[in-house]
1. For L12, L29, what's the fewest-to-most ordering of other Cβ within 10 Å of each Cβ?
2. Using helices alone, I'd like the mean residue ellipticity at 222 nm for the chain: each DSSP H run of four-plus residues gives -39500 (n - 2.57), total over residue count, nearest 500.
3. Between E56 and T18, what is the FRET efficiency for a Förster distance of 30 Å, r being their Cβ-Cβ separation, to the nearest 0.05?
4. Assign unit charges at the C-beta atoms only (+1 for Lys and Arg, -1 for Asp and Glu), then state the dipole size of region 1-48 relative to its Cα centre in Debye, rounded to the nearest 20.
5. As a footprinting exposure proxy, order I59, I24, I46, I34 by other Cβ within 10 Å, with the fewest listed first.
6. Would you mind checking region 1-20 for residues with the amide N under 17 Å from a putative spin-label position 7 Å along Cα→C-beta of T33?
Amino acid sequence: MLFLSQKWVDKLAGLPETGMGYQIVDVYLKNGTIVRGLTVVNCEQIVVPESHSFSENDIQDIWLSQSTE
């Protein structure tokens, strides 16, 4: 679980929820990697699988997931 700073909480709060209290997002990292389909709970915590290790400092942007997978 990765806790987000107020910068990201504010951005996510302005986006629609995927379901009650959560969003499914794609996280764009500064190294060009896109980690798709992550769950954000209450706009402040990203559930990060063990296969993808990154810190908030690695995040360039976060958007609602457009993936249909």
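Just so it is clear, none of the values below were taken in a lab; they were calculated from the coordinates. Here the structure is a predicted model, which means the values were calculated and not measured. Cβ coordinates were reconstructed from backbone atoms using ideal geometry, including for glycine residues, and neighbour counts include every protein chain displayed.
1. Ordered from fewest to most neighbouring Cβ atoms within 10 Å, L12, L29 come out as L29, L12.
2. Values: 1 runs with 8 residues, N = 69.
Calculated mean residue ellipticity at 222 nm is -3000 deg cm²/dmol.
3. Calculated transfer efficiency: 0.90.
4. The dipole magnitude comes to about 180 debye.
5. By the 10 Å Cβ count, ascending, the order reads I34, I24, I59, I46.
6. 1-3
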